[in-house]
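Chemist: For reference, the structure I am asking about is given below.
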Amino acid sequence: MAQPLRMPGEEKKRAPSRHSLTIEKRESVSVSGVTDVISFDEESVIGETELGVIIIRGVNLHVNRINLESGELSVSGEIDGVTYENPGGGKTKSFMGRLFR
């Protein structure tokens with residue numbers, strides 16, 4: 001089968017991987033589509049997805065499972081909040097940019 005022709009400089013767009021977030025009773029978080037875990041401690045877990053950086057905040061957080069091959073992350077503890085940072089910074093400065101200002 002013939003491949004579609006591309007103009008010079010035109011890159012093939014990658015379809016985003018499946019990404020989902022499930023919070024159960026503010027006691028556990030399951031995330032799929034995780035490509036990297038940047039850092040974690042008892043108060044925050046910071047991961048990277050194709051849709052942006054995800055930050056899970058809470059108390060006594062425990063990482064139950066990290067499987068980057070399947071893109072799965074599971075965290076338990078007292079969940080206070082989940083936020084996303086835009087991929088590439090967007091209009092707001094990226095998490096890493098704010099961390100090292």
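The values are calculated or read from the model by the stated rules, or taken from the named source; none is laboratory data. What you see is a predicted model; the values in this text were computed from it and never measured. Note: ideal-geometry Cβ built from the backbone for every residue, glycine included; neighbour counts use all protein chains shown. Side chains are part of the model used for accessible areas, which takes the heavy atoms of the whole protein and leaves out ligands, DNA and RNA. Shrake-Rupley method; radii C 1.70, N 1.55, O 1.52, S 1.80 Å.
Chemist: Taking only protein heavy atoms into account and a 1.4 Å probe, give the accessible area per residue of the range 41-91 in Å². It would help to have the intermediate numbers written out before the result.
Modeler: Details: 2890 Å² over 51 residues.
Result: 57 Å² of accessible area for each residue.
Chemist: Quick check: at a probe of 1.4 Å, how many percent of the accessible area of the range 28-74 sits on carbon and sulfur atoms? Show your work: numbers first, answer last.
Modeler: Details: 1020 of 2370 Å².
Carbon plus sulfur share of accessible area: 43 percent.
Chemist: Also, I was wondering about something else. Each residue of the range 58-64 in order: what ³J(HN,Hα) in whole Hz does its phi give by Karplus 6.51 cos²θ - 1.76 cosθ + 1.60, θ = phi - 60°, with x for Gly and Pro?
Modeler: Coupling constants for the range 58-64: x, 10, 6, 6, 9, 7, 7 Hz.
Chemist: Tell me, what ³J(HN,Hα) does each residue in the range 78-83 have, in order and in whole Hz, if you take phi through Karplus 6.51 cos²θ - 1.76 cosθ + 1.60 with θ = phi - 60° and put x for Gly and Pro?
Modeler: In residue order, the calculated couplings are 8, 7, 9, x, 9, 10 Hz.
Chemist: In addition: Taking amide H positions as placed 1.01 Å from N in the peptide plane, with prolines and chain starts having none, which residues 5 or more places from THR35, or on another chain, fall under 5 Å of its amide H?
Modeler: Excluding prolines and chain starts, which carry no amide H, the hits are GLU48, THR49, GLU50.
Chemist: So which GluC sites (Glu not before Pro) in the range 16-57 pass both tests, a DSSP loop state and at most 15 other Cβ atoms within 10 Å of the Cβ? Show your work: numbers first, answer last.
Modeler: On the way: sites: GLU24, GLU27, GLU42, GLU43, GLU48, GLU50; in loops: GLU27, GLU42, GLU43, GLU50.
Sites meeting the loop and neighbour criteria: GLU27, GLU42, GLU43, GLU50.
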